[in-house]
Amino acid sequence: MNSVTDLKERLRDSKCVSVLTGAGVSAESGVPTFRGGGDSLVWKGMPFEKVSSAEMVAKDLDLLWEWFDYRRDSLKSCVPNSAHYALSKIESKIVNFTLITQNIDGLHQRAGTKAVYDIHGNINRMRCIGCEELFDLAFDAIPHSPTMCEKCGQKLRPDVVLFGEALPNGVFEIGSEAAERSEIFFVIGTTALVYPAAMLPEIARQNGSLLVEINPEETALTPVCDISIRSKAGAILPEIADF
Ligand code: OAD
Ligand code: ZN
């Protein structure tokens, strides 16, 4: 049987569906992925893991901000694509829908999805390194402003999870609970190499969920997926959402 036809049938019968998305979902919006085609993203001669690391907050916060201002600048003209909209459509038809995203671009929210959990933070938010107060960052505020906390006067940092840092409180638990109860768990546009996010598909599988991957390339998860759809998310998700 055709895997998409099969999947649509399963979706019609499912009450609980969860989704883990990664950079590939935003690729068709013009957002660069981190890994792909064998290469990793490099900025100013540094691999992104080095700039986006916990130690940069203490070592060179200005450089960290330069990198995130650069990324926000390149996001200014990006809009949600058909994959983001199709996921919103799936949400509207499923009683219990949860979307966990590793993306920090806010495009799922802009496409209207309500149950979105930003497991790696949000690029349009700042956090005080002292009192932890959060501040929204306007799209066009490039470079970021203000640079100091209005409450305690300490420096502000991007409210994004960096390499070497823990996830925001409670967000992994929301994801793992959703994975445990899912009937269908989608893994879309991610290499699933970064932990703990990459544990979620495994949790879903161990709890009996159908595991569905949508990715033009094979990933580390492919061997354990029930259905692997080798397609761009924006090309196939509208068809899947029409169940
Ligand atoms: P990656 O860049 O590692 O993976 C992107 C995946 O998307 C690859 O498997 C591509 O094959 C796939 N892809 C590309 N175009 C696609 C399309 N149109 N449709 C579907 N899939 C497509 O990105 P992530 O897995 O999201 O973390 O990376 C995980 C984390 O690593 C990120 O959240 C970020 C990074 O470090 C932090 O910043 C904390
Ligand atoms: Zn503060």
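Here the contact order of the chain, divided by its residue count and restricted to Cα pairs under 8 Å and six or more residues apart, works out to 25 percent.
Going by Cα centres, the stretch 94-158 and the stretch 60-83 are how many Å apart? Here the answer is 12 Å between Cα centres. Summarising the label geometry, the points placed 7 Å from Cα in the beta-carbon direction at residue 235 and residue 2 lie 1.5 nm from one another. Only Lys, Arg, Asp and Glu carry charge here, each on its Cβ (+1 for the first two, -1 for the last two); on that basis the chain has a dipole of about 280 debye about its Cα centre.
Karplus-based coupling profile of the stretch 152-166, in residue order and whole Hz: 10, x, 8, 6, 9, 10, x, 8, 10, 6, 9, 4, x, 10, 7, with θ = phi - 60° in 6.51 cos²θ - 1.76 cosθ + 1.60 and x standing for Gly or Pro. Which of the three applies to the stretch 71-178, rounded, prolate or oblate, going by the alpha-carbon gyration tensor with a ≥ b ≥ c and a/c under 1.5 meaning rounded? Oblate shape, in that a/c is at least 1.5 and b/c is the bigger or equal ratio. Under 30 Å from the Cα of residue 76, which lysines turn up, not counting those fewer than eight places away in the same chain? Hits, sequence-local ones excluded: 44, 50, 59, 89, 114, 151, 155, 232.
Taken per residue, the accessible surface of the chain reaches 46 Å², heavy atoms only and a 1.4 Å probe. If you take the Cα centroid of the stretch 183-243 and the Cα centroid of the stretch 1-38, the two points sit 6 Å apart. Here's how it looks for residue 133: its modeled amide H is under 5 Å from those of 128, which are all 5 or more places away or on a different chain. Hand me the trypsin sites (Lys or Arg not before Pro) from the stretch 82-139 located in a DSSP loop with no more than 12 other Cβ atoms within 10 Å, in residue order please. Qualifying residues, ordered by number: 114. Seen through its C-alpha gyration tensor, with square-root eigenvalues sorted a ≥ b ≥ c, the chain comes out prolate because a/c lies at 1.5 or above while a/b is bigger than b/c. Note: relative contact order over the stretch 122-242, using C-alpha pairs below 8 Å and six or more positions apart, is 17 percent. Among the trypsin sites (Lys or Arg not before Pro) in the stretch 1-49, those located in a DSSP loop and surrounded by at most 12 other Cβ atoms within 10 Å of their own Cβ are 15, 44.
Work through the residues other than residue 24 whose Cβ is under 15 Å from its Cβ and net out their charges, Lys, Arg +1 and Asp, Glu -1. That sum, taken over residues with Cβ under 15 Å, equals -3.
Surface composition of the chain: carbon plus sulfur atoms contribute 49% of the solvent-accessible area (1.4 Å probe, protein chains only, all chains present). Ignoring the sites themselves, the chain has its longest run without GluC sites (Glu not before Pro) in a DSSP loop having at most 15 other Cβ atoms within 10 Å at 1-131.
With all protein chains present and a 1.4 Å probe, how do 120, 108 order by accessible area, largest first?
Order by accessible area, largest first: 120, 108.
The values are calculated or read from the model by the stated rules, or taken from the named source; none is laboratory data. What you see is a predicted model; the values in this text were computed from it and never measured. Cβ coordinates were reconstructed from backbone atoms using ideal geometry, including for glycine residues, and neighbour counts include every protein chain displayed. Keep in mind that these areas ignore ligands, DNA and RNA; they rest on the heavy atoms of the full protein, side chains included. Shrake-Rupley method; radii C 1.70, N 1.55, O 1.52, S 1.80 Å.
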